[in-house]
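See structure below.
The values are calculated or read from the model by the stated rules, or taken from the named source; none is laboratory data. In this text, all values refer to a predicted model and were calculated from it rather than measured experimentally. We place every Cβ from the backbone using ideal geometry, glycine too, and count neighbours over all the protein chains shown.
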Amino acid sequence: MKISCIAIDDEPASLAVIEQYAELVPFLALKRTFVSVKEALAFLKNERVDCVFLDVKMPDMPGTELARILRGQTQIIFITAYSEYAVQGFEVQAIDYLLKPIEFDRFLQAVNRVHAHLSQRIEGQSSIFVKEGYDWVRVSLNEILYIQSDTNLLFIYEQNRRVITRMTMTEMLSLLPSERFIRVHKSFIVAIEAIQKIERHQLTLAKGNVPIGELYREGLERLLLR
């Protein structure tokens with residue numbers, strides 16, 4: 001299982017260390033590094049990652065505040081030069097924290113913790129519940145072909161039915177295992193196993209076609225190479 005991540009730190013030297021360490025871990029894919037929270041948030045609007053390395057003391061927004069925004073969407077590993085910030089990290093449910101200067105053994109321990117957590121989630125998850133009208137409906141992950149957003153509604157297309165729920169794309173992505181589903185357009189999420197053909201501007205699925213957004217093409221290309 002490949003774990004995608006980004007790193008956010010206003011110290012370039014710290015980011016360089018994380019880049020160096022990430023290259024040594026076969027299951028870790030460092031997508032981008034950022035020196036500001038604002039830039040990282042703009043990136044995360046269109047990309048989903050499994051893990052964020054996050055400096056606690058960022059100049060434009062405290063790391064703990066960003067962690068609260070991202071809670072439930074990704075795993076947070078805090079980076080700090082001060083051990084007293086570790087308590088704040090666990091208060092916002094960070095999975096681990098790394099003290100500067102970061103040692104590789106400690107870095108590896110943290111990412112292994114993320115790997116174990118995500119592996120357990122994927123193996124144990126076979127369905128999700130969504131609210132359709134006044135009822136809660138079980139949706140099998142194996143049955144989902146794609147999910148389409150239209151205004152404030154999501155349309156979940158399965159092999160033999162369609163489920164309509166009121167939810168954002170971000171909320172839906174937080175429920176789905178990233179190993180099995182990928183966002184390919186601002187309005188579409190697809191099941192990776194349902195993809196039959198990838199063309200320039202669209203995907204051919206087991207049933208129907210889905211457009212590819214330009215902002216999401218890079219993620220699809222990475223999918224082909226993994």
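Overview of results
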{"item": "Total residues in the range 175-201, condition closer than 15 Å to SER149 by Cβ and not in a loop (DSSP other than H, G, I, E, B)", "result": "9"}
{"item": "Flag for GLU218 being within 18 Å of the chain's Cα centre (by Cα), within 24 Å of LEU28 (Cβ to Cβ), among the acidic types (Asp, Glu) and part of a helix (DSSP H, G or I)", "result": "yes"}
{"item": "Number of the condition not met by THR204 [criteria: (1) part of a loop (DSSP other than H, G, I, E, B); (2) touching a Lys or Arg at 6+ places or on another chain (Cβ under 6 Å)]", "result": "(1)"}
{"item": "So SER4, is it buried (at least 16 other Cβ atoms within 10 Å of the Cβ), over 18 Å from the mean Cα position of the chain (by Cα) and touching a residue at least 60 places away in the same chain (Cβ under 8 Å)", "result": "no"}
{"item": "Index of the failed condition, GLN75 passing every other in (1) under 25 Å from GLU221 (Cα atoms); (2) free of Cβ contacts under 8 Å to residues at least 40 places away in the same chain", "result": "(2)"}
{"item": "Subset of the range 21-66 that is over 16 Å from the mean Cα position of the chain (by Cα), among the charged types (D, E, K, R) and within 23 Å of ALA81 (Cβ to Cβ) - its residue that is surrounded by the most Cβ atoms within 10 Å (Cβ to Cβ)", "result": "ASP55"}
{"item": "Verdict on ARG200 being more than 30 Å from ASP135 (Cβ to Cβ) and surrounded by fewer than 14 Cβ atoms within 10 Å (Cβ to Cβ)", "result": "yes"}
{"item": "Residue in the range 118-136 that is touching a residue at least 60 places away in the same chain (Cβ under 8 Å), buried (at least 16 other Cβ atoms within 10 Å of the Cβ) and in the same structural domain as LEU30 (by the TED database) present", "result": "yes"}
